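Here's the structure we're looking at; comments come further down.
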Amino acid sequence: MILKPVVIVANYTLKELLKSKVLVSALVMSLGIALLAWLASEFTFGVPARVALDVGLAALSVSGYGIAVFMGATLISREIESRTIYMIISRPISREIFLIGKMVGLTLFLVINLAVLGLAAVGVAWLLGLPPSWLVLCAFLASILECIILMLVVVL
């Protein structure tokens, strides 16, 4: 019963965020991450693929923090400015359900964005000869968890 309104609000939020130009900037940032990782690997001695992966995952975390802070801070204020929050709250949906749905939608958008950036970082490391590892997946999932926690703190 409670799940259906949360899914509806999350779906609306995800569609609204996908229409924005932030995902296009994620593609540009992924190219920047790939270039930065490649440049860092060229200036290292030893294991250039490991350095490229470290630089790529660091850039992934920093960009994820930026997206979490800036999108989370404007999540509710954008609804207030466009006055759509008044129509939504007047319906039989509680404020808590609305807020949970908005945060779930932003979380899905954040995961999609970080997946694009993570694939760029791992792709460069793979092209430089670093084999796939479970540790890279764990680092990627930990970065996603950090960004989600930061986003929840900013929104609340």
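The values are calculated or read from the model by the stated rules, or taken from the named source; none is laboratory data. Not measured: the values here are computed from a predicted model. Every residue, glycine as well, gets a Cβ built from its backbone with ideal geometry; the counts of neighbours run over all protein chains shown. These area figures cover heavy atoms from the full protein model, side chains too; ligands, DNA and RNA do not enter into them. Shrake-Rupley method; radii C 1.70, N 1.55, O 1.52, S 1.80 Å.
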Discussion item. Return the residues of the range 1-31 that are modelled with pLDDT under 80 and either of a type in the set (Gly, Ala, Ser) or over 23 Å from the mean Cα position of the chain (by Cα) (or both); say none if nothing qualifies.
Written reply: MET1, ILE2, SER20, SER25, ALA26, SER30
Discussion item. With the requirement that a residue be open to solvent by 80 Å² or more (accessible area, probe 1.4 Å) and assigned to a helix (DSSP H, G or I), what does the range 139-156 give you?
Written reply: LEU141, LEU145, GLU146, ILE149, VAL153
Practice prompt. Can you run down the residue pairs with Cβ atoms below 7 Å, 6 or more apart or on separate chains, where the first is in the range 55-66 and within 11 Å of ALA121 (Cα to Cα) and the partner is of a type in the set (Asp, Glu) and open to solvent by less than 40 Å² (accessible area, probe 1.4 Å)?
Written response: none
Fill in: Test: residue in the range 24-45 that is open to solvent by less than 70 Å² (accessible area, probe 1.4 Å) and within 30 Å of PHE98 (Cβ to Cβ)
yes
Worksheet item: Mind checking which pairs have a first residue in the range 77-92 that is closer than 18 Å to ILE8 by Cα and free of Cβ contacts under 8 Å to residues at least 40 places away in the same chain and a second that is among the β-branched types (Val, Ile, Thr) and open to solvent by less than 90 Å² (accessible area, probe 1.4 Å), Cβ under 6 Å, 6 or more apart or different chains?
Response: GLU79/ILE85
Fill in: Any hit, the range 118-141, residues being in contact (Cβ under 8 Å) with a residue 12 or more places away in the chain and within 20 Å of LYS15 (Cα to Cα)
no
Worksheet item: Exactly one of (1) under 23 Å from LEU128 (Cα atoms); (2) not in a loop (DSSP other than H, G, I, E, B) is unmet by THR44. Its number?
Response: (2)
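May I ask you to verify whether LEU18 is in contact with a helix residue (DSSP H, G or I) (Cβ under 9 Å, 6 or more places away or on another chain), in a helix (DSSP H, G or I) and under 24 Å from ALA125 (Cα atoms)?
no
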Discussion item. Can you report the number of residues in the range 119-136 which are surrounded by fewer than 17 Cβ atoms within 10 Å (Cβ to Cβ) and either in contact with a Gly (Cβ under 9 Å, 6 or more places away or on another chain) or small (Gly, Ala, Ser) (or both)?
Written reply: 3
